[in-house]
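The values are calculated or read from the model by the stated rules, or taken from the named source; none is laboratory data. Here the structure is a predicted model, which means the values were calculated and not measured. Here Cβ is always computed from backbone atoms with ideal geometry, including for glycine, and neighbour counts include all displayed protein chains. For the accessible areas, the whole protein counts, side chains as well, though only heavy atoms, and no ligand, DNA or RNA atoms are used. Shrake-Rupley method; radii C 1.70, N 1.55, O 1.52, S 1.80 Å.
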Amino acid sequence: MKYIASVCPRCGKASAARASAKTHQCPYCGAAYSVDSSTILLVGTAREVREAVVRHNSEK
Ligand SMILES: [Zn+2]
């Protein structure tokens, strides 16, 4: 299964979602948003996505 690292349009935090997901709920602020309209950092394995999420969230 493929995963995506998606950036929440409300709070700017990245989180992992399934690549097949249409919508995703941010675990940080609770916003539900359309994956298609969000910024996708990376598409890959669960491990790659987890690393991209950690990197993004520790940058600012
Ligand atoms: Zn959020």
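Table: residues versus (1) within 10 Å of the ligand (Cβ to nearest atom); (2) farther than 19 Å from Arg55 by Cα; (3) within 9 Å of the chain's Cα centre (by Cα).
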| residue | (1), (2), (3) |
| --- | --- |
| Ile4 | no, no, yes |
| Cys8 | yes, no, yes |
| Ser15 | yes, no, yes |
| Cys26 | yes, no, yes |
| Ala31 | yes, yes, no |
| Asp36 | no, yes, no |
| Thr39 | no, no, yes |
| Leu42 | no, no, yes |
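The C-beta contact set for segment 17-28 (first residue within 11 Å of Ala5 (Cα to Cα) and small (Gly, Ala, Ser), second residue open to solvent by 90 Å² or more (accessible area, probe 1.4 Å) and at pLDDT 95 or above, distance under 7 angstrom, 6+ apart or interchain) comprises Ala19/Lys2. What are the residue pairs meeting all of these: first residue in segment 29-43, first residue touching a residue at least 40 places away in the same chain (Cβ under 8 Å) and under 16 Å from Tyr3 (Cα atoms), second residue assigned to a loop (DSSP other than H, G, I, E, B) and aliphatic (A, V, I, L, M), Cβ atoms under 8 Å, and 6 or more apart or on different chains? Once the first residue is touching a residue at least 40 places away in the same chain (Cβ under 8 Å) and under 16 Å from Tyr3 (Cα atoms) and sits in segment 29-43, its partners that are assigned to a loop (DSSP other than H, G, I, E, B) and aliphatic (A, V, I, L, M) give Val43/Ala19.
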